[in-house]
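Everything below concerns the one structure shown next.
The values are calculated or read from the model by the stated rules, or taken from the named source; none is laboratory data. Just so we're clear, the structure is a prediction, and the values are computed from it rather than from any experiment. With ideal geometry, Cβ positions are generated from the backbone for all residues, glycine too; neighbour counts draw on all protein chains shown.
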């Protein structure tokens, strides 16, 4: 983390904490949503619409859970002093990349390499 100033690390940490709180609040709202409760009555189309909505909600919730894990991982890395270092090559990840995607664990070169060789 030596390539990042204390102010930059604090800015990124604040951003991660804010994202985490918004994500958790959205997930709480999904749980409280009355459309997630059992549905009685209505015709087949109503039930099909409700099931489709639930499916989309669960997909979003799954995606949000994965993002929450990434945020928590990034916050732990900040606490351990290993944040902002590519886990593939060990090079520093530029502040601009971290600012755009604070949960990233790879520099742009390694991420591009991973994406190119993903299906091999």
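Can you pull out every residue in the stretch 84-105 that is in a loop (DSSP other than H, G, I, E, B) and either out of contact with any helix residue (DSSP H, G or I) (no Cβ under 7 Å at 6 or more places or on another chain) or more than 18 Å from residue 67 (Cα to Cα) (or both)?
At the first step, the residues of the stretch 84-105 found to be in a loop (DSSP other than H, G, I, E, B) are 84, 86-91, 93-94, 101-105.
Answer for the stretch 84-105, where residues must be in a loop (DSSP other than H, G, I, E, B) and either out of contact with any helix residue (DSSP H, G or I) (no Cβ under 7 Å at 6 or more places or on another chain) or more than 18 Å from residue 67 (Cα to Cα) (or both): 86, 87, 88, 89, 90, 91, 93, 94, 101, 105.
How many residues are at pLDDT 85 or above and either over 12 Å from the mean Cα position of the chain (by Cα) or surrounded by 13 or more Cβ atoms within 10 Å (Cβ to Cβ) (or both) when one looks only at the stretch 37-70?
4
I'd like to verify a number: residues in the stretch 71-102 that are more than 16 Å from residue 10 (Cβ to Cβ), surrounded by fewer than 17 Cβ atoms within 10 Å (Cβ to Cβ), within 19 Å of the chain's Cα centre (by Cα) and touching a residue at least 24 places away in the same chain (Cβ under 8 Å), how many?
Residues flagged as more than 16 Å from residue 10 (Cβ to Cβ), surrounded by fewer than 17 Cβ atoms within 10 Å (Cβ to Cβ), within 19 Å of the chain's Cα centre (by Cα) and touching a residue at least 24 places away in the same chain (Cβ under 8 Å) within the stretch 71-102 amount to 3.
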